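Worksheet: the structure to be examined is printed underneath.
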Amino acid sequence: MTTLLPDCPLCQQPGGALLWQGTHMRVVEVDDADYPGYTRVIWNSHIPEMTSLSRHGRELMMEAVWRIEETQREVLHPDKINVASLGNMVPHLHWHIIPRWRGDRHFPDAIWAAPRVPPGQEPPDWAPRMAAVRQLMQRYRNRLLETLNALPRH
């Protein structure tokens, strides 16, 4: 049974550009110019915590998270990957998988912290590095679909 709530944005909208959809969860690309490759796994029904899922649900969701992280490492080559499940603003189970690079606006802090580097003040090598990452995005999406399509859909 899927529970959807009318006042929950993650129940009513994909939560980003839909990359993959399964029976229980979906994977979206977050539109964030500072963090190309930022990906989110969202459980389709309104469930607030991992322990609200069955063991199978928890394993399925975390397998998706690990496959996304692995694909980011293989294709985008970030310096670090942040994996977070907060749900403080939207009490709907979802995981953030965020590739990070030394020199990004928030590094080494979380992307939700105040930026350490104002826009336009990035190091000189920043723009070329991000341009190279953006050129890898279609390859990342294709590889992600390949690995996520191998997940069980039930």
Mind checking which residues of region 77-87 are at pLDDT 95 or above, among the hydrophobic types (A, V, I, L, M, F, W, C) and either buried (at least 19 other Cβ atoms within 10 Å of the Cβ) or part of a loop (DSSP other than H, G, I, E, B) (or both)? none
So which of 144, 136 ends up being under 16 Å from residue 37 (Cα atoms), open to solvent by 30 Å² or more (accessible area, probe 1.4 Å), in contact with a helix residue (DSSP H, G or I) (Cβ under 8 Å, 6 or more places away or on another chain) and not basic (Lys, Arg)? 136
Check on residue 16, without any contact (Cβ under 8 Å) to a residue 40 or more places away in the chain, within 23 Å of residue 106 (Cα to Cα) and in contact with an Asp or Glu (Cβ under 6 Å, 6 or more places away or on another chain): yes
Report, by residue number, each residue of region 129-141 that is under 17 Å from residue 69 (Cβ atoms) and outside any loop (DSSP other than H, G, I, E, B). 133, 137, 139, 140, 141
With the requirement that a residue be surrounded by fewer than 14 Cβ atoms within 10 Å (Cβ to Cβ) and among the aliphatic types (A, V, I, L, M), what does region 88-117 give you? 89, 110, 113, 114
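In region 21-34, is there at least one residue being of a type in the set (Val, Ile, Thr) and open to solvent by 60 Å² or more (accessible area, probe 1.4 Å)? Quick ask: steps written out before the conclusion?
In the first step, residues of region 21-34 are kept if they are of a type in the set (Val, Ile, Thr); the result is 23, 27-28, 30.
Still in the running and open to solvent by 60 Å² or more (accessible area, probe 1.4 Å): 23.
Yes, that holds for at least one residue.
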A careful count of residues in region 8-57 that are modelled with pLDDT under 95, closer than 15 Å to residue 87 by Cβ and of a type in the set (D, E, K, R) gives 1
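The values are calculated or read from the model by the stated rules, or taken from the named source; none is laboratory data. The shown structure was predicted, so the numbers you read here are calculated from the model rather than taken from an experiment. Using ideal geometry, Cβ is built from the backbone for each residue, glycine included, and neighbour counts are taken over all protein chains shown. Just the protein is used for accessible areas: all its heavy atoms, side chains included, with ligands, DNA and RNA removed. Shrake-Rupley method; radii C 1.70, N 1.55, O 1.52, S 1.80 Å.
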